[in-house]
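Student: Take a look at this one; I'll ask things after.
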Amino acid sequence: MSVPALKVRDKTKLGTERPRLHKVILVNDDYTPREFVVAVLKAEFRMNQDQAYRVMMTAHRRGTCVVSVYPKDVAETKASRATEAGRKAGYPLQFTSEPEE
């Protein structure tokens, strides 16, 4: 009887991958007051007055601005909560999230 040849397996490295990050983006509109946008940025994204004003002005000038980067579930939650704050106040304020490149 012949003995089958045994193969030695290479050890595979088990590792965890970091979660893919997503950007939260502020979309400019012509109706939402600047002060309201700054207030939402301060409340939802915990920015100070100067940071929130700079983000709001960048979105105003360029049309959109990346607010922050988070894991997917956090980014989607923050974007939807900030958009909902605008809807409750009667403004078309919009935040979106998309994968970071």
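Student: Just give me the residues in the stretch 1-16 being more than 26 Å from ASP73 (Cβ to Cβ) and either of a type in the set (A, V, I, L, M, F, W, C) or in a strand (DSSP E or B) (or both), in sequence order.
Tutor: MET1, VAL3, ALA5, LEU6, VAL8 - these are the residues of the stretch 1-16 that are more than 26 Å from ASP73 (Cβ to Cβ) and either of a type in the set (A, V, I, L, M, F, W, C) or in a strand (DSSP E or B) (or both).
Student: If you take just the helices (runs of 4 or more DSSP H) that sit entirely in the stretch 17-101, which of them hold at least 1 residues that are among the acidic types (Asp, Glu) and in contact (Cβ under 8 Å) with a residue 12 or more places away in the chain?
Tutor: Helices (runs of 4 or more DSSP H) meeting the threshold: 34-45, 72-88.
Student: Within the stretch 13-33, is there a residue that is polar (S, T, N, Q), touching a His at 6+ places or on another chain (Cβ under 8 Å) and buried (at least 17 other Cβ atoms within 10 Å of the Cβ)?
Tutor: Yes.
Student: Which condition number does CYS65 fail, the rest of (1) within 17 Å of GLN94 (Cα to Cα); (2) more than 15 Å from the chain's Cα centre (by Cα) being met?
Tutor: The failed condition is (2).
Student: Tell me yes or no: at least one residue of the stretch 13-28 is modelled with pLDDT of 95 or more and over 13 Å from the mean Cα position of the chain (by Cα). Can you show your working first?
Tutor: Taking the stretch 13-28 and keeping what is modelled with pLDDT of 95 or more, we get 21-28.
Those left that are additionally over 13 Å from the mean Cα position of the chain (by Cα): 28.
Checked the stretch 13-28: at least one residue is modelled with pLDDT of 95 or more and over 13 Å from the mean Cα position of the chain (by Cα).
Student: Right, here's the next one. Please go through the stretch 21-52 and give me each residue that is farther than 19 Å from SER80 by Cα and in contact with a Lys or Arg (Cβ under 8 Å, 6 or more places away or on another chain), ordered by number.
Tutor: Those that are farther than 19 Å from SER80 by Cα and in contact with a Lys or Arg (Cβ under 8 Å, 6 or more places away or on another chain): ASN48, GLN49.
Student: Can you tell me which residue among ALA75, ALA52, ALA82, ALA59 is buried (at least 17 other Cβ atoms within 10 Å of the Cβ), of a type in the set (Gly, Ala, Ser) and touching a His at 6+ places or on another chain (Cβ under 7 Å)? Break it down stepwise before answering.
Tutor: Working: ALA52 fails: touching a His at 6+ places or on another chain (Cβ under 7 Å); ALA82 fails: touching a His at 6+ places or on another chain (Cβ under 7 Å); ALA59 fails: touching a His at 6+ places or on another chain (Cβ under 7 Å).
Every option except ALA75 fails the conditions.
The values are calculated or read from the model by the stated rules, or taken from the named source; none is laboratory data. Everything numeric here is computed off the predicted structure, so don't read it as measured data. Every residue, glycine as well, gets a Cβ built from its backbone with ideal geometry; the counts of neighbours run over all protein chains shown.
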